[in-house]
1. For the range 64-80, enumerate the residues that are touching a Ser or Thr at 6+ places or on another chain (Cβ under 7 Å) and touching a residue at least 12 places away in the same chain (Cβ under 8 Å).
2. Looking at the range 22-109, what helices (runs of 4 or more DSSP H) fall wholly within it and have at least 3 residues that are out of contact with any strand residue (DSSP E or B) (no Cβ under 8 Å at 6 or more places or on another chain)?
3. The conditions are (1) surrounded by fewer than 19 Cβ atoms within 10 Å (Cβ to Cβ); (2) part of a strand (DSSP E or B), and V168 fails exactly one of them. Which is it?
4. Among the numbered criteria (1) surrounded by 14 or more Cβ atoms within 10 Å (Cβ to Cβ); (2) over 28 Å from F150 (Cβ atoms); (3) not basic (K, R), which single criterion is violated by P98?
5. Out of all the residues in the range 174-184, is one or more assigned to a helix (DSSP H, G or I) and over 30 Å from E28 (Cβ atoms)?
6. Only one residue in A50, A34, A24 is surrounded by fewer than 12 Cβ atoms within 10 Å (Cβ to Cβ), at pLDDT 50 or above and closer than 24 Å to E116 by Cα, so which one is that?
7. Return yes when S147 is in contact with a helix residue (DSSP H, G or I) (Cβ under 8 Å, 6 or more places away or on another chain) and either surrounded by fewer than 17 Cβ atoms within 10 Å (Cβ to Cβ) or free of Cβ contacts under 8 Å to residues at least 12 places away in the same chain (or both) and no when it is not.
8. Condition (residue is among the aromatic types (F, W, Y) and at pLDDT 90 or above) applied to the range 147-168: is it met by at least one residue?
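The values are calculated or read from the model by the stated rules, or taken from the named source; none is laboratory data. Quick caveat: nothing in here was measured; it's all calculated off a predicted structure. In this analysis, Cβ positions are derived from the backbone assuming ideal geometry, glycine residues included, and neighbour counts consider all displayed protein chains. All accessible areas refer to the heavy atoms of the entire protein, side chains included, with ligands and DNA or RNA removed. Shrake-Rupley method; radii C 1.70, N 1.55, O 1.52, S 1.80 Å.
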Amino acid sequence: MASSTSTLAARGTADYAGAVAQPAAWAEERWYVAYTCPHHEKRVAAELGAREVEHFLPLYSSVRRWKDRRVQLELPLFPGYVFVRLALRDRLRVVQIPSVVRLVGFGGLPTSLSDEEMEILRAGLLHSLRAEPHPFLTVGRRVRITSGPFAGLQGILKRKKSNFRVVVSLELIQRSVAVDVEAADVRTPIG
């Protein structure tokens, strides 16, 4: 049975979930999202590094107050998720990590993120001084960020005191992140 499945996949007629796929799609590296066990994101990122899999785990600083002191922690910006760049044929290098539950997708097939959106998000988060998790939003005034580290992303405009914040949402994982922007850096998207 294994030989017939691999023969079908080699011809481009079926993939592991039974969906139609092209051999080139299996070989092309794309960004996917690995869903992890709770509080295991850093452990998964370390294992991905050891397996030489390109990954991205955005962190933010949070000050927590304990009984006798304050502690500054580095927490995942998207709790429960680590971004990985790989070809689908290499997915076992990720899903065999003990703390990885699955690659996020639909119908049993992993769904890739937009490469352009992912690169903007990575570059912006590496340069941004203020980014923090935000509840997932679907309603609000949609804007496009036109300049700065997050140029090209769309989100929902919010005000926090006198500052502008844009809540950027990743539909695939139903998570959002709030980033500070200048008023001149946002425009209402056209149509």
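1. Passing the criteria: L73, E74, L75, G80.
2. Working: elements: 23-27, 41-50, 92-95.
Output list reads 23-27, 41-50.
3. (1)
4. In the conditions (1) surrounded by 14 or more Cβ atoms within 10 Å (Cβ to Cβ); (2) over 28 Å from F150 (Cβ atoms); (3) not basic (K, R), P98 misses (1) alone.
5. So the first thing to find is which residues in the range 174-184 are assigned to a helix (DSSP H, G or I), and the list is 183-184.
If we keep only those that are over 30 Å from E28 (Cβ atoms) as well, we get 183-184.
Yes, the conditions are met somewhere in the range 174-184.
6. Numbers: A50 fails: closer than 24 Å to E116 by Cα; A34 fails: surrounded by fewer than 12 Cβ atoms within 10 Å (Cβ to Cβ).
Result: A24 is the single residue among A50, A34, A24 that is surrounded by fewer than 12 Cβ atoms within 10 Å (Cβ to Cβ), at pLDDT 50 or above and closer than 24 Å to E116 by Cα.
7. Yes.
8. First, pick out the residues of the range 147-168 that are among the aromatic types (F, W, Y): 150, 164.
Pick out the ones that are also at pLDDT 90 or above and you get none.
The answer is no; no qualifying residue exists.
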